[in-house]
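The values are calculated or read from the model by the stated rules, or taken from the named source; none is laboratory data. The structure displayed is predicted, hence computed values, not measured ones. Neighbour counts are summed over all protein chains in view; Cβ atoms, including those assigned to glycine, are modelled from backbone coordinates with ideal geometry. Note: accessible area is taken over every heavy atom of the protein model, side chains too, but ligands, DNA and RNA are not part of it. Shrake-Rupley method; radii C 1.70, N 1.55, O 1.52, S 1.80 Å.
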Amino acid sequence: MTAMPSDGAMPAPDHGTGEPGLTALIGRLIDDSRSVVSAEVTLYKAKASERIAAYKSAIVFFAAAGILALAALAALLVGLIGALATLVGPLAATLIVVAVVLVIAAVLAVIGRGKLAAPEVSQ
């Protein structure tokens, strides 16, 4: 009598050759394929987690840089108003600086809107 394997599977017939049968080989191939796919999925999850962590720290640094740049721009604009105020008065200096900044913002918005337009497809 043949001993049962510890995993409860029936032993494959060897037809006297001492080698496992085709069914056993296909079963092993399927199990190995599942293991490989599972390992690949685990690997890609680990890589994605690593990239996300790197992007999170980069986003924090970019946000801090953006906040500091915005503060510097505000300080520059206040300085421009102060410098112009000695020439034309505080109200006129404020209006001049605000008008120039709004014109620059409008030009940038128009350029940005143009970049969003669907590109022409040449035939």
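Determine whether LEU91 is in contact with a helix residue (DSSP H, G or I) (Cβ under 9 Å, 6 or more places away or on another chain), of a type in the set (A, V, I, L, M) and surrounded by fewer than 11 Cβ atoms within 10 Å (Cβ to Cβ).
On the way: in contact with a helix residue (DSSP H, G or I) (Cβ under 9 Å, 6 or more places away or on another chain): yes; of a type in the set (A, V, I, L, M): yes; surrounded by fewer than 11 Cβ atoms within 10 Å (Cβ to Cβ): yes.
Yes: the conditions hold for LEU91.
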Query raised in the report: If you take the residues of the range 54-68 that are among the hydrophobic types (A, V, I, L, M, F, W, C) and open to solvent by 60 Å² or more (accessible area, probe 1.4 Å), which of them is farthest from the chain's Cα centre (by Cα)?
Result: LEU68
